[in-house]
Amino acid sequence: MAGLYITIWQRLGIEPTSDIKQIKRAYAKQLQVYHPEEDAAGYQALREAYDHALKIAKQQNDRIKQEGAASSNYNDPLQDEQEQRSGQDTEYVRQHDEQDNEQSAEQYDDEHHLEHQTELHNEPNGGEEQQPQFVYKIISDEVDQTADSTSIMYPRLTRDGTLDAEATDEGIQTVDEFIEQAIAIYEHFPSRISSDAWLELLNSSITWNMNNKEEISGRFLDLLQERKYLPGPIWKLLDHFFKWEHELTEANDGESGKEANSFLDYYKKQLHSPGLRYEFLLQAGDIDYDMFLKYRYEGYQALMENRLEKASAALHKALKLFADDPDLLRLIGEYNVRMCRFDEAIAVFDQLIDVIPGEADGYLNRARIRYAQREFALAAEEYKSVAARFPSNIEAVLMLGKCSLELGQREEAIGYFIEVHTRTEPASPEAIQALNSLADIHPDYVQKLYEQQRQAVKRHNTTKWLQLIRPKTIISLWIVFFLVLILVGFVNSIPKGIEARKPLVITSVEQLARADHDHSISITLTDVTDLDLAQYELENESGIVETVYDSRYNVYMKFRKFGLPLPKRYIYLGKFHDQHIIFFTRESLDKAVIEEQQPFTMTGTLDELRSTSLRRTVASVLRELMPNDEVPVGYYPKYINEGKPPKTITINISIVVFVGLAVIILTRCLLFLYKEFGRIRRLDSIHSGKE
Amino acid sequence: MLGVNWRKRTYYQAMTAVFFIGNPLDDQAVRHCGDLRSCPRPILQSWLFRWGIEDSLTLHDRLNWLLYKGHRMKFNEVKQTLSTMSYEMREQYIASLPELSILKNNYSAVNKFMNHLGPEGIAAYDYALYLALSQAGVSLKYRTRRDDRYYAREIAEIAQRKYTGWDDYNMACIAGMYFLAPPTEEPYLHNRSYLYTRLLVQKNSVMNRVNWNAKL
């Protein structure tokens, strides 16, 4: 027996319990896993486990009652004023139908913006955020008797916990019986809005048989097209079991009937749009529920489409049938607001608050009307009431700020706006509205906030960039920096080098004295005298080439039989200011320079007259040239060697190699940095969104 | 005369100033310009193309739509739907919508703003967008300057009748921005708050330079 218990509870996914509701919820949850069409064997096992668990729980509860314990199968009754309303001997039971929404993202359709695919699963939910839907179920003697009379007889457990193979299910046996039961549940309003009742119907043994299921589905759907006023959760339960939405959509593609489209449209809205509540109609007594629901639904839809005349007609018809439905009152109030009938709207919202004082709508709508009518003191009181009852309602705090502002209560207004700004997400609509108001009445706060935000943004951007930049990037930046410095220095030195190679124009003796021996000079000489000397490169007896300064005539006479050597340089004497300067030329000078004493401009380099043979030779030539009674001519201690300035810069190979490498490295670093910054910008835009 | 022209230009500039917060024009390049008049042609062309504008005809159609229908129609439709729901029903319904979907964005924005806007809703957004597109159209020679000035004045006067001041107008513009902004994650929103704060505190902010009820 213990083993069977474990199997049952494991199948249901709960701990052993005598709580029938918990068992039913667990069964409903497991139905998602073991769907009759998808896993028939699993569904059968689940069904058996459910039946057994129910049986065990009922037996235990009966035993406890017999022992005089006060334990109950039901949750403590909800203590609210509605229990006192009905004169019936009724007991209100509060049940939680907790839903866990799973969403699939579907494209928004402009034409059918309320239609989206949302699958709802029935799961116990421990989360705080979800609002449970409350289904009020009346359990009265009448209902209990009804339940007993229509209860399904589950296969009985024997003493040893095994199934009694001979036990039979005495519940619904045919499709007709199923349909009749469905009608009975629908016609009995409390059962109609109870998911348990429908669940028990769906668990009928007749639905086990897959052959029957198709017929049941078809007939049941036809039935519900005429009896369509069910709460949304019931529709969802049925759709999950029968998959009608899919079938109806497929069938609708082939049909063109207006009625088919209209029901499909209605059906989809029941599944996917927020619906109106049914439970308050339990207090309505003996009314034509379907008529009321029809009018209310028509008014609801008309109001959504802003067809006010139609909305008015439908809503007021519903009101005549039952005046204490909170959803109806809210819709009528909204209608009156749209029609600017504010007094009537307030009266309706007053009534709404009387009917359901625990909901915010009545208070909020009243407050909004007061504010719109510029009754700021009354509006403030209303909003204070909302804020006290519903502390999480931020609209109330924001509007309290606005009311305070209108009433001239500046400090209070500031307090409310700051509270809104600190309680809400940055740049949320509420925060922006609070900021907007604060800008007028408390600009210092806004200024301070701006400074804080600016610093935060700055820090965020710096951090973000630092996080995005890699060490390689920083190293590359440094390399580029130094290479650029080096190359700039190199490039800057080239003009100087070029400049250095331009001949220096000598205009004075002092300049001549200061001129560098390596620097090319340009000088204009006058009174040029041909010394008839030349510089030769001659090979001596040992085979060594020597530099010889000799008279050109002597050389001619000496070597005319053996082949004249060509002068390497011709030697002349010129005058520059009062200085006589020896200069060497590559070619012999024109006769015009010598004979006509034309000035001669030459370019060359300045050098020391170190060669003693040259000095002796020059001295002897000068003695011959000068008359005996004249003082021998002195000459400048340096001579000028003719030479053209270099056309090209002499480039050191190592410098070339270094510069080449530097350029290659620089180019690679720049390419890397370009790609890197592109990557950083892409990452930056991803992190910031489109900002 | 020059003073009147300056006042008008400043007024129209103020009407679109709030657009340059965050990325409401949905174009980072335009936002970085800060002023449509200084935007390079390629950027303006690309921006107009995203609004479905390629020539003077499409510009004319879009401007007409903004003037007579606009995004305010859709805003109002959503508002009519949400206002029929109870407070809790609205919260639950919006929470059930797919995350980061346009639908959720629209409904969430309307839910936050609908009780704080007047009957004109987000018409201010349509008007501001009209001015911005018209100005861009002039730069691209899709529209004459004369037409731009004429309709800009009409739009400004309509806005002056419908809204009570810059606060009121800006809030409606911002509501439109939230309604139409693509759904995104927090860092983007954070920056928007900073930029709006900056607009409010800047002494030389364009909104502080011209009175809402200035005669145009």
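Brief remarks follow.
- Protein-only accessible surface order, largest first, of A:Val337, A:Val657, A:Val555 at 1.4 Å: A:Val657, A:Val337, A:Val555
- Net charge contributed by nearby residues that have their C-beta within less than 12 Å of A:Glu419 (K/R +1, D/E -1): -1
- You can think of it this way: the chain between A:Val491 and A:Ile474 has 3.6 nm of extra reach, that is 0.36 nm per residue less the Cα-Cα gap.
- Toward the positive end of the charge dipole of region A:200-280, with +1 on the Cβ of Lys and Arg and -1 on the Cβ of Asp and Glu, the farthest Cα among A:Ser205, A:Tyr229, A:Gly218 is that of A:Tyr229.
- Interface residues in region B:84-112 - accessible area drops by 40 Å² or more relative to the isolated chain, probe 1.4 Å: B:Thr84, B:Ser86, B:Tyr87, B:Glu88, B:Met89, B:Gln92, B:Tyr93, B:Ser96, B:Pro98, B:Leu103, B:Lys112
- Gyration tensor verdict on region A:472-572 (Cα atoms; rounded if a/c is under 1.5, prolate if a/b is larger than b/c, oblate otherwise): oblate
- With a 1.4 angstrom probe, the accessible area lost at the A-B interface totals about 4900 Å².
- In region A:528-597 the Cα-Cα distances spread across 10 Å bins starting at 0 as 19, 46, 25, 9, 1 percent of all pairs.
- Fraction of the pair-distance distribution of region B:87-136 above 14 Å, Cα-Cα pairs, percent: 62
- Sorting A:Trp235, A:Trp208 by accessible area puts them as A:Trp208, A:Trp235; the probe is 1.4 Å, largest comes first, and only protein heavy atoms count.
- Filter on A:Lys675/B:Lys104; B:Lys141/B:Lys215; A:Lys384/B:Lys112; A:Lys29/A:Lys55 - keep pairs with C-alpha separation over 30 Å: A:Lys675/B:Lys104
- Nitroxide proxy distance, nm - points 7 Å out along Cα→Cβ at A:Asp290 and A:Met210: 3.5
- Area accessible to solvent at A:Asp444, 1.4 Å probe radius, in Å²: 110
- In this structure, A:Ser262 and B:Tyr150 have a Cβ-Cβ separation that, at R0 = 51 Å, corresponds to a calculated FRET efficiency of about 0.55.
- Calculated FRET value between A:Ile655 and A:Phe677, using beta carbons and R₀ = 45 Å, to 0.05: 0.90
The values are calculated or read from the model by the stated rules, or taken from the named source; none is laboratory data. In this text the structure is predicted, and so the values were computed from the model without any measurement. Cβ atoms come from the backbone with ideal geometry, glycine included; neighbour counts cover every protein chain shown. Heads up: the accessible areas ignore ligands, DNA and RNA and are worked out on the full protein's heavy atoms, side chains in. Shrake-Rupley method; radii C 1.70, N 1.55, O 1.52, S 1.80 Å.
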